[in-house]
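The values are calculated or read from the model by the stated rules, or taken from the named source; none is laboratory data. On a predicted model such as this, the values are computed, not experimentally measured, just so you know. Here the Cβ is made from the backbone with ideal geometry for all residues, glycine too, and neighbour counts use every protein chain on show. All accessible areas refer to the heavy atoms of the entire protein, side chains included, with ligands and DNA or RNA removed. Shrake-Rupley method; radii C 1.70, N 1.55, O 1.52, S 1.80 Å.
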Amino acid sequence: MTSATLRDSLAAHTGTGARDWFPVFKARYGMLAVFRALAAARPDRADVVTQTLTCSTAVDPILVAGLTPDYAEIDPATFAIDPAHLLLPDAAAALVIQHTLGLIDPGASQALAEAARAGGAVVVEDSAHSVARMARDPQGEPLADVSIHSFGAEKMLPTKFGGAVWVNPALDAGIREAIVAELRALPAPGPRLALAARSYRWTRRVVSRVPGGDSVGRGLEKARLYSPPVAQSEREGRLAHNAVGATNWIAAQAAGALATLPVVEAQRRAATDAYADALGGGPQGQPLLRYPVLVPPGADAMHVFTELRAQGIYAGHWYRPALFPGVDDPAAYGYEPGTLPITEDVIARIVNLPTDVSPERAREIAGAYRSLTS
């Protein structure tokens, strides 16, 4: 299987055209190509509206492209930018709609897309947690101008590498041409980086289990034989590598995994609905990557997370701290802590529960969570 197979599979899953899909080594490198194209095509617009309840690797491409992140408040119900709090800068090149943990809110997404287009900004959809799913308008058409999808580590499918960028054929012709040209020009990964992808599972086991594994990992990373989920450079406003495309091996792994997506989504949707029922409301009806909950005000979210882990429950704390897993210097990211009270309250209280479990197990986990927060 080749990249063409992956493009065909993504098109079939999304009802889009295969020629509008572009596989990449990691989703972050697809984002970098998009933002570089925007920076070159529209030098008078340098701002990208995004959020701090995200991974640092979702902001690094903005910085590396020479653009400026402009952080907006989120809605605690959607974990995405709140249209009611959006102040679009005059120089906005793009606005990012992030489907956090796979939660897609069609109404909010449409409001954000309309606001972005009214201000001349390109709508970039971050579907890293909802591979092959997109926000759509009432007619069923994709809302985004550009949609970013991921096959990386800890995403919906068991693949560890790969991403894909969809470029809307209805996007302004000049801007679309610039983005497509940038994506088509991406070089193939070098032999060492290609090997790093193929040997990732083995390397990850070694790094996580042997004494001095962190030092081993840094050495392998420096030699370009290991590509961790978040490199040290990616906590400093940089990326580990330049933008590169996908190898045929990565594309084949992703295309094969996509065939299992309906089964994966059905299982995660059932767990999501079980959590919603057991916890008395919250997101449901969608196959979430993890189920987000906010601990009651005054409760210690990290204590809840730690206690759940001690009980053998694979809870997560995405995205705490801001710009997860935390950055060395927030100022390098243009972020001033204390300026986004709603987002910062969510970050302080968020815990996420596993959805790769049965509905019965989800209800048990919900019970354990309630016992720690009641």
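Does region 61-101 classify as rounded, prolate or oblate by the C-alpha gyration tensor (a ≥ b ≥ c root eigenvalues; a/c under 1.5 gives rounded; else a/b over b/c gives prolate, otherwise oblate)? Cα axes put region 61-101 in the oblate bin. Summed over the residues of region 134-218 and divided among them, the accessible surface reaches 50 Å² per residue at a probe radius of 1.4 Å. Within region 99-219, antiparallel bridges make up roughly 60 percent of the DSSP beta bridges whose residues both belong there. The mean sequence separation of alpha-carbon pairs under 8 Å and at least six residues apart, normalised by the residue count of region 118-194, gives a relative contact order of 21 percent. Per residue, the accessible area of region 78-119 comes to 35 Å², computed with a 1.4 Å probe over protein heavy atoms only.
Would the chain count as rounded, prolate or oblate if I go by the C-alpha gyration tensor, calling it rounded below 1.5 in a/c and otherwise prolate when a/b exceeds b/c, oblate otherwise?
On the way: a/c = 1.33, a/b = 1.15, b/c = 1.16.
Rounded shape, in that the Cα axes give a/c under 1.5.
Please sort 171-184, 25-38 by packing, taking for each peptide the average over its residues of neighbouring beta carbons within 10 angstrom, highest first. Before the final figure, lay out each step's value.
Details: 171-184: 16.7, 25-38: 26.6.
The peptides rank, most packed first, as 25-38, 171-184.
Relative contact order of the chain, taken over Cα pairs closer than 8 Å and 6 or more residues apart, is 21 percent.
Our analysis of region 323-374 gives Rg over Rh at 1.16, with the two radii drawn from alpha carbon positions and Rh computed by the Kirkwood formula. Its Cα centre serving as origin, the chain has a Cβ charge dipole (Lys and Arg +1, Asp and Glu -1) of approximately 1740 debye. Ordering Gly338, Gly367, Tyr200 by the projection of their Cα atoms onto the charge dipole of the chain, which places +1 on the Cβ of Lys and Arg and -1 on the Cβ of Asp and Glu, puts Tyr200 at the extreme positive end. Rolling a 1.4 Å probe over the protein chains gives Ser374 an accessible area of about 130 Å².
Which percent of the accessible area of region 47-171 is formed by carbon and sulfur heavy atoms (probe 1.4 angstrom)?
Working: 1770 of 3400 Å².
Solvent-exposed carbon and sulfur of region 47-171 make up 52 percent of the total.
Summarise the long-distance tail of P(r) for region 1-54 by giving the % of C-alpha pairs beyond 12 Å. Don't skip to the end; give the middle numbers.
On the way: 1041 of 1431 pairs.
Cα-Cα pairs in region 1-54 separated by more than 12 Å: 73 percent.
Neighbours of Ala144, meaning other residues whose beta-carbon lies under 13 angstrom from its beta-carbon, give a summed charge of -3 when Lys and Arg score +1 and Asp and Glu score -1. Think of region 242-326 as having a plus end and a minus end, set by charges on the Cβ of Lys, Arg, Asp and Glu; of Ala257, Thr247, Val295, Thr247 sits farthest toward the positive end of this dipole.
In what sequence, largest accessible area first, do Arg290, Arg42 appear using a 1.4 Å probe?
Numbers: Arg290 20, Arg42 40 Å².
Final ranking, largest accessible area leading: Arg42, Arg290.
Panel note: the C-alpha atoms of region 7-104, placed on their principal axes, show extents of 38, 35, 22 Å (largest first). Of all accessible surface on region 182-311 at a 1.4 Å probe, what whole percent is carbon and sulfur? In region 182-311, the share of accessible area belonging to carbon and sulfur is 53 percent. Along the Cα-to-Cβ line of His85, 7 Å from the Cα, sits a label point; which residues in region 33-66 have backbone N less than 17 Å from it? Backbone N within reach: 49-55.
Taking other residues whose beta carbon is less than 13 angstrom from the beta carbon of Val304, and scoring Lys, Arg as +1 and Asp, Glu as -1, yields +2. Taking a ≥ b ≥ c as the square roots of the eigenvalues of the Cα gyration tensor, region 158-276 is classed as oblate, since a/c reaches at least 1.5 and a/b does not exceed b/c. For Lys222 and Asp345, the difference between the fully extended length at 0.36 nm per residue and the C-alpha to C-alpha distance is 40.6 nm. Take the Cα of Ser233, step 7 Å toward its Cβ, do the same at Ala332, and the gap between the two points is 1.2 nm.
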